[in-house]
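The values are calculated or read from the model by the stated rules, or taken from the named source; none is laboratory data. What you see is a predicted model; the values in this text were computed from it and never measured. Cβ: placed from backbone, ideal geometry, glycine included. Neighbour counts: every protein chain shown.
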Amino acid sequence: MNRRMRVRLLWAVLAGAAADLAGLGLIAAAAWLITRAAEQPPLAALSVAIVATRAFATSKGVFRYAERLTGHDVALRAQAGTRERLFEALIPPQRPRHGGADLLSRMVDDTEAVQDLLVRCLLPATAAGIAGLAAVIVGLTILPVAALALVAGLVVAGVLLPAGTAAAARRWSARIAPARAALAGRVADLVHGSADLAAYGADDEALAKALAADEALAALERRQARVHAAALAGGTLVQGLTVAGVVLLALGAGTGSVGTAVLALTSLVAFEPVLPLAAAGERMAGITAALRRLREVRSATPAIAEPPAPAALPEGPLTIEIDDLVVRHASDHKALDGVSLRLTPGKRVAIVGPSGAGKSTLLAVLMRLVEPESGSVKVNGVDLTDLAGDDVRTLMTGLTQDPYIFRASLRDNLRLAGPDVGDERLTRAVRDARLDTWVERTGWDAELGEDGKTVSGGQLQRLALARALLYDPPVLLLDEPAEALDEETADRLMNDLLDVTRDRTTLLVTHRLKGLEPVDEVVVLEEGRVVQRGRHDELVAVPGYYRDLWESEVLTRR
């Protein structure tokens, strides 16, 4: 928390304490005024109490408003900062270990714990402590023994009861957040997988699991409500017993009607800011669990270690030299085993091979998303590991297998890759990606559905291609751009891709061989090793995996 935030927090604490003190002063002054007025003194004897009562009544509302305004401002800023740090923890090269629904729960529910920590716990506890101290001081000036009774009651209601509720809540509150995440996951499956569930008759079972997750969460929340109700009842009971004890002590000491009334009402009001602390103690257990879950994400081990002193970004046309690259997965399987490749400026290379051959792993290494075990990747002679991750992604980026379409306009989805580009560049990128006819029909401001629900597979990949062209990286990486498309659409997309990448340094990962005649080199991977390389016509002419795959593809198309 920076200095400005600490100053705002201090003002919130002072405003909250002032509001509670004004409430305490209001009741004390009003009690003295009422009981003293019953004795029918001269009006001048009551004037100070009258003015004080009005001043306390007015200032209480002003200070409470200031406390809410400042306190919530600090809490919301702290929550925004927490979400920002959580976003940063999820950006590559971090490796999140949690599912999408669980991450959504942490992003929404758990980050609200930061707001609750300030608004419902720290600020009320500080203000209650100051107000309770003031009430005890009032009691000491009138009857010390009554002040001791008040101290005992405040300690029970403000310390022991919150500690008890926190201990009780701690046993099960840590289960609420995972239960919410489990329910979110079930609901996400029902929403996004509804078609598949209905097609295979599994919708009833999925719905039953979602209802079971909902009931499990509801049961935990009912326990939370019972603890809250018990804490409130216990605090009210302590308040009543303390006030009764203070009154009995005052009467026994012969304090008089005015002193007794002031002590009784001051003791009663002193519990007003203290009673919510029992609920705060219960909430604190949930906040602690939520903060622990947030720390788990932020402390995730980075998949890639950033260099302590990153090298300068290479300039000019880029030459990528991959030498004897080895990448090993956690299963001890070598995803890449001694791969070497040279990608010179303007050269187009296609990487082909069966699933699991290591094609996508090679792209991940180039984008600094995977750390190689040995070997090297150099960009204009600079080792890739000496470059910052953001710099690497500036040099090399492109299409992924599953491009994401945001719930925004077509124009905004494209400008993700170039927020400041003008309409001329947008139009050129759309034309090069062969989307101009579709854009003319739908319009630039057409709203696209989340996750590409309103576009076809071919349109989705072409949108991603237009983004890559707008970003205009020195090296274009294309990972299975025609995956999951029908044959006709895939053929057209591949032809357009190879046309628009002419004279552009490109590394294309694909399992389709049709249309690869124009590329400068085809590299065949099997089990992480380079087994063949050359131009398309050269590889088709010799026995091997490439010719076998080509003949199989030709037969399939007949």
Any residue that is at pLDDT below 85, of a type in the set (K, R), farther than 17 Å from E521 by Cβ and assigned by TED's automatic domain parsing to the domain that holds G458 - is there at least one of those in the range 362-369? yes
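Residue-wise test of (1) modelled with pLDDT under 80; (2) surrounded by 15 or more Cβ atoms within 10 Å (Cβ to Cβ); (3) within 34 Å of the chain's Cα centre (by Cα).
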| position | (1), (2), (3) |
| --- | --- |
| G398 | yes, yes, yes |
| A429 | no, yes, yes |
| A433 | no, yes, yes |
| T442 | no, yes, yes |
| L460 | no, yes, yes |
| R467 | no, yes, yes |
| L478 | no, yes, yes |
| D486 | yes, no, no |
| T505 | no, yes, no |
Could you tell me which numbered condition F87 fails, if it satisfies all but one of (1) modelled with pLDDT of 75 or more; (2) under 30 Å from the mean Cα position of the chain (by Cα); (3) not basic (K, R)? (1)
Checked pairs for the range 426-450, first in the same structural domain as R492 (by TED's automatic domain parsing) and in contact (Cβ under 8 Å) with a residue 24 or more places away in the chain, second assigned to a loop (DSSP other than H, G, I, E, B) and hydroxyl-bearing (S, T, Y), C-beta under 9 Å and 6 or more apart or across chains, list as A446/T454; E447/T454; L448/T454; E450/Y404
If I filter the range 227-255 down to residues being touching a Ser or Thr at 6+ places or on another chain (Cβ under 6 Å) and under 21 Å from L33 (Cα atoms), which single residue comes out as surrounded by the fewest Cβ atoms within 10 Å (Cβ to Cβ)? V243
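For the range 226-250, which residues satisfy the criterion of being under 19 Å from V274 (Cα atoms) and of a type in the set (A, V, I, L, M)?
V227, A229, A230, A231, L232, A233, L237, V238, L241, V243, A244, V246
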Selection status of A66, surrounded by 20 or more Cβ atoms within 10 Å (Cβ to Cβ), assigned by TED's automatic domain parsing to the domain that holds E272, under 35 Å from the mean Cα position of the chain (by Cα) and in a helix (DSSP H, G or I): no
Only one of (1) in contact with a helix residue (DSSP H, G or I) (Cβ under 8 Å, 6 or more places away or on another chain); (2) modelled with pLDDT of 85 or more; (3) loosely packed, with under 15 Cβ neighbours inside 10 Å fails for A213. Which number is that? (3)
With respect to D390, determine if the residue is acidic (D, E), assigned by TED's automatic domain parsing to the domain that holds T510 and touching a Pro at 6+ places or on another chain (Cβ under 7 Å). no
Output the residues belonging to the range 532-558 that are of a type in the set (A, V, I, L, M) and in contact (Cβ under 8 Å) with a residue 60 or more places away in the chain. L549
Which condition number does V258 fail, the rest of (1) touching a Lys or Arg at 6+ places or on another chain (Cβ under 9 Å); (2) surrounded by 21 or more Cβ atoms within 10 Å (Cβ to Cβ); (3) over 30 Å from R186 (Cβ atoms) being met? (2)
Any hit, the range 478-495, residues being part of a strand (DSSP E or B), touching a residue at least 12 places away in the same chain (Cβ under 8 Å), touching a helix residue (DSSP H, G or I) at 6+ places or on another chain (Cβ under 9 Å) and among the β-branched types (V, I, T): no
Could you tell me how many of the residues in the range 496-507 are part of a loop (DSSP other than H, G, I, E, B) and either among the acidic types (D, E) or closer than 27 Å to G356 by Cβ (or both)? 3
Positions within the range 370-392 being under 24 Å from R467 (Cα atoms) and either without any contact (Cβ under 8 Å) to a residue 60 or more places away in the chain or over 30 Å from the mean Cα position of the chain (by Cα) (or both), in sequence order: V379, D390, V392
I'm trying to understand the selection: among the residues of the range 321-350, which are under 14 Å from V522 (Cα atoms) and in contact with a Gly (Cβ under 9 Å, 6 or more places away or on another chain)? V339, S340
Among (1) among the hydrophobic types (A, V, I, L, M, F, W, C); (2) closer than 20 Å to E526 by Cα; (3) not assigned by TED's automatic domain parsing to the domain that holds R529, the one test that A309 misses: (2)
For the range 339-442, which helices (runs of 4 or more DSSP H) that fit wholly inside it have 2 or more residues that are over 24 Å from L493 (Cβ atoms)? 389-395, 423-432
Go through the range 520-542 and count every residue that is in contact with a Leu (Cβ under 7 Å, 6 or more places away or on another chain) and in a helix (DSSP H, G or I). 1
Given T454, T501, which one is β-branched (V, I, T), within 20 Å of A417 (Cβ to Cβ), modelled with pLDDT under 90 and crowded, with 21+ Cβ neighbours inside 10 Å? T501
